[in-house]
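S.K.: I have a structure here, written as structure tokens, and I will follow up with some questions on it.
Nothing in this text is a laboratory measurement; each read-out follows from the coordinates by a stated rule. Nothing here was measured: the structure is a model prediction, and the numbers come from that model. Glycine gets a Cβ as well: all are built from the backbone with ideal geometry, and neighbour counts include every protein chain shown.
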């Protein structure tokens, strides 16, 4: 990537026009496809529920076609969930003899295939694109009940600590001079913990095997980035660990391993109005 951006073609990418092109792609393709994909995840193979989950009329397509697309997505989703369950059981359950590294690769591969099924819904973008998001806006009374105290003391939103006694630490996997392990604990904020899919928090830790003290870097992902679901040979954390850092990658709320039913990465983080512009 560094070589690309230092080259003459790379200099063209470091211009404001890239933001506008990216915004266009998000608005016209990625967000609508993600909405269809999330609706399919919630609906399974039920075409009527799929239409309802979208929140707006979808392009007229024959029922056999919709059933085929939904079945393909449901199959990939089930495979991803099974691979994740096997991986998580190996890390935090009673299966210490399992090959955690192999299960992690299988989990990532299955999750990547499921993410890629977005492309199956491309024909449904025409002739009328579905909405980029389906808003679920709480009633004022509910907001007052949940967030009223924060009006008087906004810092109260940030002082919810994780109970150290509830943190589970997985056995480490040592490969290539690096040690990798995972942390898991109940989500401390009750309002977030009540959302299906966000009951538990996760963090990946990768560090040099060398026992000498090393600096720690907390590496947060951006909106819509789900590195823990992707098949990536050497991601940013791995490269930083090569340089002597201990890297902690917390999984952001509503993303990846903490995604909510029927939602896509960060969709619950977007303010009402214009979702694409709220990101860029």
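S.K.: Against the longest alpha carbon principal axis of the chain, how many degrees, from 0 to 90 and to the nearest 10, is the axis of helix 16-25 turned?
M.R.: Helix 16-25 and the main axis of the chain meet at about 60 degrees.
S.K.: Taking the alpha-carbon set of the stretch 163-245, what are its Rg and Dmax in Å?
M.R.: Rg, Dmax (Cα atoms, Å): 14.4, 40.
S.K.: Additional query: For the stretch 168-239 and the stretch 1-71, what is the separation of their Cα centres, given in Å?
M.R.: 27 Å
S.K.: Turning to a different aspect of this structure: Express the relative contact order of the stretch 54-140 as a whole percentage, based on alpha carbon pairs under 8 Å and six or more residues apart in sequence.
M.R.: Details: 53 pairs, mean separation 42.5, N = 87.
In percent, rounded to a whole number, it is 49.
S.K.: Using only C-alpha atoms and all pairs of different ones, pull out the Kirkwood radius for the stretch 14-125 in Å with one decimal. Don't jump to the answer; show the numbers that get you there.
M.R.: Values: mean 1/r = 0.0631 Å⁻¹.
That comes to 15.9 Å for the stretch 14-125.
S.K.: While we're here: In degrees from 0 to 90, rounded to the nearest 10, what is the angle of the helix 100-116 Cα long axis to the longest principal axis of the chain?
M.R.: Helix 100-116 sits roughly 20 degrees off the main axis of the chain.
S.K.: Full extension from residue 24 to residue 94: what is 0.36 nm times the residue separation minus their Cα-Cα distance, to one decimal in nm? If you can, show how the numbers build up before the last one.
M.R.: Details: separation 70, 0.36 × 70 = 25.20 nm, distance 4.79 nm.
The residue 24-residue 94 span can extend by a further 20.4 nm.
S.K.: Going by average Cβ neighbours within 10 Å, how do the peptides 130-138, 16-24, 169-177 rank, with the highest at the top? Can you show the working numbers first?
M.R.: Values: 130-138: 14.9, 16-24: 11.0, 169-177: 13.3.
Listed from highest to lowest mean packing, they are 130-138, 169-177, 16-24.
S.K.: Quick one: length gained pulling residue 216 to residue 102 fully straight, 0.36 nm per residue minus the C-alpha distance? If you can, show how the numbers build up before the last one.
M.R.: On the way: separation 114, 0.36 × 114 = 41.04 nm, distance 2.65 nm.
Fully extending the segment from residue 216 to residue 102 adds 38.4 nm.
S.K.: Set the Förster distance to 41 Å, then compute FRET efficiency between residue 11 and residue 122 from the Cβ-Cβ distance, nearest 0.05.
M.R.: On the way: r = 32 Å, r/R0 = 0.79.
FRET efficiency, residue 11 to residue 122: 0.80.
S.K.: Taking R0 as 25 Å, what FRET efficiency do you get between residue 61 and residue 112 from their Cβ-Cβ distance, rounded to the nearest 0.05? Please report the intermediate quantities before stating the final value.
M.R.: Details: r = 26 Å, r/R0 = 1.05.
So the FRET efficiency works out to roughly 0.45.
S.K.: Please label the shape of the stretch 78-225 as rounded, prolate or oblate, based on the square roots a ≥ b ≥ c of the eigenvalues of the alpha-carbon gyration tensor (a/c under 1.5 means rounded; beyond that, a/b larger than b/c means prolate, else oblate). Could you put the intermediate results ahead of the total?
M.R.: Values: a/c = 2.11, a/b = 1.18, b/c = 1.79.
Judged from the Cα gyration tensor, the stretch 78-225 comes out oblate (a/c at least 1.5, b/c at or above a/b).
S.K.: May I ask for the equivalent-ellipsoid semi-axes of the stretch 193-239, computed as the square root of five times each C-alpha gyration tensor eigenvalue and listed largest first in whole Å? Let's see the in-between values first.
M.R.: Values: eigenvalues 126, 47, 19 Å².
Equivalent ellipsoid of the stretch 193-239: 25, 15, 10 Å, largest first.
S.K.: In degrees between 0 and 90, to the nearest 10, how far off the longest principal axis of the chain does helix 140-152 point, with axes built from Cα atoms?
M.R.: Computed tilt is about 40 degrees.
S.K.: Which order do the peptides 190-202, 249-261 come out in when sorted by mean C-beta neighbours inside 10 angstrom, highest first? Don't skip to the end; give the middle numbers.
M.R.: On the way: 190-202: 14.8, 249-261: 20.2.
Result, highest mean Cβ count within 10 Å first: 249-261, 190-202.
S.K.: Please state the relative contact order of the chain as a whole percent: Cα pairs under 8 Å, 6+ residues apart?
M.R.: Values: 382 pairs, mean separation 51.1, N = 280.
Averaging sequence separation for qualifying contacts and normalising by length gives 18 percent for the chain.
S.K.: Distance from a point 7 Å along Cα→Cβ of residue 81 to each backbone N in the stretch 116-135: keep the residues under 18 Å and list them by number.
M.R.: The answer is 116-118, whose backbone nitrogens lie closer than 18 Å to the label point.
S.K.: Cα convex hull of the chain: mean projected area in nm², to one decimal? Write out the running numbers ahead of the final one.
M.R.: Numbers: hull surface 73.9 nm².
For the chain, the mean projected area of the Cα convex hull comes to 18.5 nm².
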